[in-house]
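See structure below.
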Amino acid sequence: MMGLFTKKVKPFVIGVCGRSCSGKSAVVKELEERYKGKLLRINQDKFFKVKAENWESPESLRNDRLAYSIKKLKDGESTHIPNHRWTEVFDRKVNPHKVIIIEGFLLFVDSELSKLFDKKIWVDVSDVNILYRRTKRNGTSKDIDYTMNVVIPESMKYEEIQRKRADIIIDGNKTKEKIIQEVDGYIKKWHII
């Protein structure tokens, strides 16, 4: 009978968005470690469709299911999200946490999805850093043409609207440590953990 009186968690949902290799994933992973058990991280990349014409466009993502999951969590209910990319299999059960950080490269394009975030952080990054960091991450320069001819131009199409919808803009050209420190500073300022 104790379960009748348990209080539902009302999560504070933060969207961390930025172009490819802006540092958003590295920052959010570090914060997840720092606040173990208090913070839930959801990566928009897990919501990729099985097939898409253009992997760098909003049409390549199941943002409808991401929005559904955020609404459930905000209502204090558990939900299922994909455990892996490009599967559309919603096999990982997640429960509400005090703080939920959703990170992704197209979070603020869709106005309805964008409205679900209590705070929206845009991590800005230069084209040069996108090129450098993607090459470093992949360990090869073989995809440099794709980065220059698809990733960078496509991400620029959606940058302005996402920047406008952000509450906070952070310089992602700084070191990972400085970006983490800045985002963590906001979390502390908001008194949410």
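Among the residues making up the range 82-132, those that are open to solvent by 50 Å² or more (accessible area, probe 1.4 Å), of a type in the set (Asp, Glu) and touching a residue at least 12 places away in the same chain (Cβ under 8 Å) are 88, 110, 112, 118, 127.
Residue 135 meets all of the listed conditions (1) surrounded by 14 or more Cβ atoms within 10 Å (Cβ to Cβ); (2) modelled with pLDDT under 95; (3) outside any helix (DSSP H, G or I) but one, namely (3).
Residue 107 fulfils the conditions (1) at pLDDT 95 or above; (2) in contact with a helix residue (DSSP H, G or I) (Cβ under 7 Å, 6 or more places away or on another chain); (3) assigned to a helix (DSSP H, G or I); (4) among the aliphatic types (A, V, I, L, M) except for a single criterion, (3). Given the structure, is residue 40 in a helix (DSSP H, G or I) and either at pLDDT below 95 or crowded, with 19+ Cβ neighbours inside 10 Å (or both)? Considered against the rule, which asks whether it is in a helix (DSSP H, G or I) and either at pLDDT below 95 or crowded, with 19+ Cβ neighbours inside 10 Å (or both), residue 40 comes out as no. Out of the residues in the range 138-193 that are among the charged types (D, E, K, R) and not in a helix (DSSP H, G or I), which is farthest from the chain's Cα centre (by Cα)? That would be 142. Put simply, of 56, 32 the only residue that is within 28 Å of residue 137 (Cα to Cα), touching a Leu at 6+ places or on another chain (Cβ under 6 Å) and either part of a loop (DSSP other than H, G, I, E, B) or open to solvent by 20 Å² or more (accessible area, probe 1.4 Å) (or both) is 32.
The values are calculated or read from the model by the stated rules, or taken from the named source; none is laboratory data. Model, not experiment: these values are computed from the prediction. Every residue, glycine among them, receives a Cβ derived from its backbone with ideal geometry; neighbour counts consider all protein chains shown. The area values use the complete protein model at the heavy-atom level, side chains included, leaving out ligands, DNA and RNA. Shrake-Rupley method; radii C 1.70, N 1.55, O 1.52, S 1.80 Å.
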